[in-house]
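These notes concern the structure reproduced below.
The values are calculated or read from the model by the stated rules, or taken from the named source; none is laboratory data. Nothing here was measured: the structure is a model prediction, and the numbers come from that model. Note that each Cβ is placed from the backbone with ideal geometry, even for glycine, and that neighbours are counted across all protein chains shown. Please note that ligands, DNA and RNA were not included when accessible areas were found on the heavy atoms of the full protein model with its side chains. Shrake-Rupley method; radii C 1.70, N 1.55, O 1.52, S 1.80 Å.
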Amino acid sequence: MAHNEPMWHLPLPGEFLLLAHQESGRVRDFEQAAYGCAAAELGELALGRRLRVRVRKSKLFGFDVYRASGTIELLDTRRTGLGWADDVLGTLQSGSGLHGWLRHRRRAALALHRDALIGQGLLRHQPGRLLAGERHHPDPSARGSLIAHLRAVYDQQAPLDEHLLFLSDLVDSAGFAGELGLRLSWQQRKDRARGVGAVLDFAEDLRDTSTVLSGAIPSPRSGGGGDGGDDGGGE
């Protein structure tokens, strides 16, 4: 299935969380996963042209340089028919600061979309025993299919679309692309930063929104590898 799309449809936050959960049932960094999941919610709404992130940027040697973290601008607040998306739109106000909203939303977003994956059979919840924390094991076939599809895009064997741009930016910024065997070449990174190549025909505001959302994911905590709330303390 390396060059085929996965046989199910998940929103961006569901795909991100499926990739964030390792085969061991843990996540590498709970806070990164939580921020990434909330950012993916905004990304899904941006792809549906419900919002965008306004940024200030300039050009330096042909590269986009972003001057601020960005503010959320609502474009369409009509109901989507998707419960979590309508709830998010209901909490947003045009001009909301990106980082403040992500910080407020992050844990609720992770819990909601992880429960959805459990309900779909794509995550298996393993309760904690004694001092061992709870774990959430991803379905190996579903996760492997998604990784294979992304790898084909990274290897330029399958086309990059706007949805996969958002997902790959999030995965890359969250720091687990490498462990999934996903690596952008220097030329691919340069093309994205300049808005050329595979992303040339994408709307500029979508490219900007993807870049700023993924850039809002915090760096790994010092000491690395922690599971934090994934061991039961984060929900």
Legend entry - Test: residue in segment 156-173 that is closer than 19 Å to A39 by Cβ and at pLDDT below 90: no
Legend entry - Members of segment 65-93 found to be assigned to a loop (DSSP other than H, G, I, E, B) and not basic (K, R), listed by number: A68, S69, G70, L75, D76, T77, T80, G81, L82, L92, Q93
Inset, instruction - With respect to V212, determine if the residue is closer than 14 Å to I72 by Cα and either open to solvent by less than 30 Å² (accessible area, probe 1.4 Å) or modelled with pLDDT under 90 (or both). - result: yes
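Residues checked against (1) among the hydroxyl-bearing types (S, T, Y); (2) free of Cβ contacts under 8 Å to residues at least 12 places away in the same chain; (3) over 16 Å from L12 (Cα atoms):
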residue: L82; (1), (2), (3): no, no, no
residue: S94; (1), (2), (3): yes, no, yes
residue: L98; (1), (2), (3): no, no, yes
residue: A109; (1), (2), (3): no, no, no
residue: D115; (1), (2), (3): no, yes, no
residue: Q120; (1), (2), (3): no, no, no
residue: G133; (1), (2), (3): no, no, yes
residue: A142; (1), (2), (3): no, no, no
Inset, instruction - Among the numbered conditions (1) closer than 20 Å to F30 by Cα; (2) surrounded by fewer than 18 Cβ atoms within 10 Å (Cβ to Cβ); (3) touching a strand residue (DSSP E or B) at 6+ places or on another chain (Cβ under 9 Å), tell me where A193 comes up short. - result: (1)
